[in-house]
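Worksheet: one structure, shown below.
What follows draws every value from the coordinates through simple rules; no lab data is involved. Quantities reported herein were computed from a predicted structural model and do not represent experimental measurements. Positions of Cβ are generated from backbone atoms using ideal geometry, with glycine treated the same way; all protein chains shown enter the neighbour counts.
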Amino acid sequence: MYHREYLAGVDEVGRGPLAGAVFAAAVVLDPFGYIEGLRDSKQLTSKRREALDPIIRERAIAYSIGRADVAEIDEINILQATFRAMQRAVKGLSVQVDFVLVDGNRAPEFDCDSEWVIKGDTKVDAIKAASIIAKVARDKEMVELDKKYPEYGLAKHKGYATAYHLQALKTHGPSPVHRMSFAPCRQ
């Protein structure tokens, strides 16, 4: 019997911000399909990411998004929370994968073999796709959080430590979606 091997590309978004969850996506692409315009999400405008997101979701063999919330980040640290989000993304796939490629210089344990790829989001299409899906999902969540906590401007800077965000922290103190394990929020 023929067994098709599935490779998942995994990337995260949101390790550096002061607020919000860390997201990871896992994507299994059709090796015979091509999606024009795949790039690292940081190299694309938000408009282009949002245009590619439904195309990736439609054409992928499988995709899944995992996240680790602020409480987990504060409890186990951002690296371990990122790994947890990656593991959740891979476990959430609708197909069992045989191999996982992770963007970066280390990877968590999975139920199959895996490797990390430095600058994988510029080299591997499945990782590029995962980068886009994760970024769009996290950005949408930050826009929703901005409606709850408008004084921080989360829709605009997505939780990163911009001058505006740092000033809002000084003025209003941290919100429930701020990472208290991060120094600017503790202060």
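A few notes on this one:
- Within the range 61-79, if we keep just the residues that are within 13 Å of residue 10 (Cβ to Cβ) and hydrophobic (A, V, I, L, M, F, W, C), the residue that is surrounded by the most Cβ atoms within 10 Å (Cβ to Cβ) turns out to be 65.
- Output for the range 154-169, where each listed residue is over 23 Å from residue 77 (Cα atoms) and charged (D, E, K, R): 156
- Within the range 144-159, the set of residues being at negative phi and either of a type in the set (Gly, Ala, Ser) or surrounded by 13 or more Cβ atoms within 10 Å (Cβ to Cβ) (or both) comprises 145, 146, 149, 152, 154, 155, 156, 157.
- Scanning the range 52-71 for residues that are in contact with a helix residue (DSSP H, G or I) (Cβ under 7 Å, 6 or more places away or on another chain), among the β-branched types (Val, Ile, Thr) and in a helix (DSSP H, G or I) yields one hit, 56.
- Looking across the range 1-51 at every residue that is outside any loop (DSSP other than H, G, I, E, B) and charged (D, E, K, R), the one that is surrounded by the fewest Cβ atoms within 10 Å (Cβ to Cβ) is identified as 47.
- Considering the range 80-103, the residues that are in a loop (DSSP other than H, G, I, E, B) and either among the polar types (S, T, N, Q) or surrounded by fewer than 19 Cβ atoms within 10 Å (Cβ to Cβ) (or both) include one that is nearest to the chain's Cα centre (by Cα), namely 92.
- Every residue from the range 104-139 that is among the charged types (D, E, K, R) and in a helix (DSSP H, G or I): 121, 125, 128, 135, 138, 139
- Filter result for the condition that a residue is farther than 30 Å from residue 31 by Cβ, among the polar types (S, T, N, Q) and surrounded by 13 or more Cβ atoms within 10 Å (Cβ to Cβ), over 122, 162: 162
Each row is one residue, and each column tells you yes or no for (1) free of Cβ contacts under 8 Å to residues at least 24 places away in the same chain; (2) out of contact with any helix residue (DSSP H, G or I) (no Cβ under 8 Å at 6 or more places or on another chain); (3) charged (D, E, K, R); (4) farther than 30 Å from residue 60 by Cβ.
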position	(1), (2), (3), (4)
127	no, no, no, no
137	no, yes, no, no
142	no, no, no, no
149	no, yes, no, yes
153	yes, no, no, yes
167	yes, yes, no, yes
171	yes, no, no, yes
178	no, no, no, yes
181	no, no, no, yes
